[in-house]
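The values are calculated or read from the model by the stated rules, or taken from the named source; none is laboratory data. Just so it is clear, the structure is predicted and the values come from calculations on it, not from any experiment. Glycine also receives a Cβ, built like all others from the backbone with ideal geometry; neighbour counts cover every protein chain displayed.
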Amino acid sequence: MRVILLTYLTISLFSLQSNSQTMVQIPHQRTIAWKKNADLANQVYQSFASKKINFDKLSERSNTPRILLAKLLLKQDIETVNNAIQQMRVRGVTGSNWALNPKGDYDFTLMPLTTILFLFDNQPDLLYPKTKEHLINTLLIEEGGKYRRATPGTLGLVADTENHILMTEGSRYLKNRWKMLHGTLSPTYDNVANGMEVKILAYLNRMKTNGLYEYNSIPYIGYTIAALLNLEAFASEKVSAEARNVLDYMNWTYALGTYKLRHYPPMRRRYEKAKIQELTTDYQSVFIKSWLSYAPIESFNSDISNAEVHALVGSCMPYRPADKVVEVIFNKGNGYFVKLGHGKKSCPEIFTAGKHFLLSAGGANQGKNSLVIARPTTLFLNDKADKLPETFHLTGKGNDFMKWNNTGVYKNFACASGKVFVPKGFLPILKRNNWAVYEGNNNVKIAVYATENISLMLMFEDTKAEDLLANLEKSNPNNELLKTQFQFSDGQIITYDVNAPLNKWVIKSIDGKSVERNFSKWALINDESGQLRK
């Protein structure tokens with residue numbers, strides 16, 4: 001991974017989220033009867049097994065270890081696979097690739113090789129003893145207790161990113177564990193004696209209680225999840241449980257922010273990814289789909305075309321999400337309003353859901369070095385939309401997302417300083433006084449108010465369009481007031497500032513009571529609707 005030092009100067013070794021309070025319990029219960037085999041998994045294995053093995057760039061994110069993994073899973077070309085692994089040589093080092101660590105990124109190879117070692121450890125007919133010896137003594141280069149959080153070449157002053165730390169230190173920990181499980185008595189490999197157990201547990205606990213820095217990141221969230229899957233599957237009981245807790249947190253927040261596997265929240269880190277418009281193939285979605293393929297579910301959007309590599313790993317590992325995660329992805333119950341805090345120099349995720357829709361706030365950049373990508377505030381309906389132009393969505397003013405504050409989301413409500421985009425094929429069923437009412441599937445009504453200075457969007461279910469519009473006009477007769485406040489038909493009033501500073505929630509007050517607008521202080525998961533605690 002090529003990076004510049006400036007990127008990592010934004011990630012302090014000690015930068016923790018300021019408020020880690022969790023207002024909603026993260027679900028862990030598992031009662032689903034998962035299938036042992038899945039067609040999607042087999043298709044992914046076949047696809048990778050058919051690829052050509054290439055040894056030229058093993059220090060980079062080569063597909064070679066994953067091709068070998070797929071062949072082993074299918075029990076194909078076993079002699080060739082073992083010969084290939086035995087011929088491999090280390091051509092790099094771990095940690096982020098940058099000017100002072102030009103051979104970095106070997107951890108992208110180290111991690112899947114660790115997976116191969118553990119998955120096939122007790123199958124000498126598939127992974128030969130000589131092959132295992134080469135893996136342990138040559139290819140798995142990290143061992144012992146020299147836990148490293150810093151980016152190589154920064155004199156220990158700048159933390160490496162989550163995905164690199166987990167891939168490198170997780171692989172180090174697991175090599176130590178393998179050595180001890182196979183009779184090595186040296187304290188060098190004792191993860192308790194050398195401190196690795198405590199350090200890995202502390203890092204995982206920090207992720208669980210403070211959230212991720214690289215949340216929703218494309219492409220890095222995929223490698224973070226893969227490294228956690230290794231620990232969940234192969235580590236000690238304590239580390240395995242903590243890795244599972246982190247995965248459960250990540251997948252619960254994903255479930256809250258997706259509607260039938262459409263997912264378009266704000267994200268971190270690569271600005272060039274801001275142009276992505278696909279709603280169904282971000283990397284965490286692909287992992288979720290790989291797991292759902294084993295669930296007793298009749299059908300779902302199984303497109304994994306943008307990240308087949310992650311579907312391979314997700315399919316072959318034992319982790320499965322909690323029952324409630326699977327339920328909430330597809331069934332929003334009576335709806336909810338939830339805010340997810342991500343700490344300092346970041347932006348939150350905000351979601352409001354009904355029975356048949358989900359509205360996802362777009363977020364706000366916190367300065368160039370924050371690496372936060374703000375997106376349009378996007379409405380998901382019960383339809384087949386899989387790209388942004390096929391949705392109702394709100395933007396900030398202008399084309400520069402780094403100047404948008406798209407946090408103006410409340411219960412069934414959104415406001416923004418930019419435009420309302422209506423997907424092609426939707427015509428208003430009523431239109432009057434800057435208001436337009438549209439109808440989606442399942443009798444979901446979308447009310448849009450648009451002027452040069454402000455855009456509003458509201459969602460209603462099981463309501464007649466004429467009654468809805470009449471109530472909107474009756475409750476909000478003054479167009480000038482709509483620039484700063486909105487009244488619901490039940491009398492509730494919210495105030496907002498669509499030109500708010502980028503570090504403040506656009507919503508200012510609810511029924512005259514000020515709200516906490518400094519979202520750097522928000523809890524990790526806060527269900528203001530109370531629906532998720534029922």
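Any chance the stretch 491-501 includes a residue that's modelled with pLDDT of 95 or more, assigned to a strand (DSSP E or B) and either over 22 Å from E349 (Cα atoms) or outside the structural domain of C347 (by TED's automatic domain parsing) (or both)? Scanning the stretch 491-501, I find at least one residue that is modelled with pLDDT of 95 or more, assigned to a strand (DSSP E or B) and either over 22 Å from E349 (Cα atoms) or outside the structural domain of C347 (by TED's automatic domain parsing) (or both), so the answer is yes.
When the criteria are applied in full, A255 meets the requirement of being modelled with pLDDT of 95 or more, part of a helix (DSSP H, G or I), out of contact with any Ser or Thr (no Cβ under 9 Å at 6 or more places or on another chain) and closer than 20 Å to N382 by Cα.
Applying the criterion of being of a type in the set (S, T, Y) and either on the phi > 0 side of the Ramachandran plot or within 33 Å of the chain's Cα centre (by Cα) (or both) to the residues of the stretch 485-498, the residue that is surrounded by the fewest Cβ atoms within 10 Å (Cβ to Cβ) is T495.
Annotation note: of L229, L261, the sole residue that is at pLDDT 95 or above, in contact with a Ser or Thr (Cβ under 7 Å, 6 or more places away or on another chain), aliphatic (A, V, I, L, M) and buried (at least 22 other Cβ atoms within 10 Å of the Cβ) is L261.
If I ask for residues that are outside any helix (DSSP H, G or I) and loosely packed, with under 15 Cβ neighbours inside 10 Å, which ones from the stretch 463-483 would you list? Selection gives K464, P477, N478, N479, E480.
Being closer than 25 Å to G362 by Cα, part of a loop (DSSP other than H, G, I, E, B) and charged (D, E, K, R), is that true of even one residue in the stretch 453-462? Among the residues of the stretch 453-462, not one is closer than 25 Å to G362 by Cα, part of a loop (DSSP other than H, G, I, E, B) and charged (D, E, K, R), which makes the answer no. Scanning the stretch 190-210 for residues that are in contact with a Gly (Cβ under 7 Å, 6 or more places away or on another chain) and farther than 19 Å from N245 by Cβ gives N194, G195.
Only one entry in M180, M111 is within 24 Å of M207 (Cβ to Cβ) and not acidic (D, E), namely M111.
When only residues in the stretch 29-54 that are of a type in the set (G, A, S) and within 28 Å of E79 (Cβ to Cβ) count, which is farthest from the chain's Cα centre (by Cα)? Among those that are of a type in the set (G, A, S) and within 28 Å of E79 (Cβ to Cβ), it is S50. Filtering the stretch 365-391 to residues that are surrounded by fewer than 22 Cβ atoms within 10 Å (Cβ to Cβ) and among the hydroxyl-bearing types (S, T, Y) leaves only S370. Counting only helices (runs of 4 or more DSSP H) that sit completely within the stretch 130-249, those holding 2 or more residues that are among the hydroxyl-bearing types (S, T, Y) and within 25 Å of V93 (Cα to Cα) correspond to 162-181, 220-234.
Cβ separations smaller than 6 Å between residues 6+ apart or across chains give the following pairs from the stretch 42-62 residues that are in a helix (DSSP H, G or I) and at pLDDT 95 or above to residues that are surrounded by fewer than 18 Cβ atoms within 10 Å (Cβ to Cβ) and not acidic (D, E): Y45/L74; A49/L74; A49/Q76. Which condition number does T154 fail, the rest of (1) at pLDDT 95 or above; (2) out of contact with any Pro (no Cβ under 8 Å at 6 or more places or on another chain) being met? Every condition holds for T154 apart from (1).
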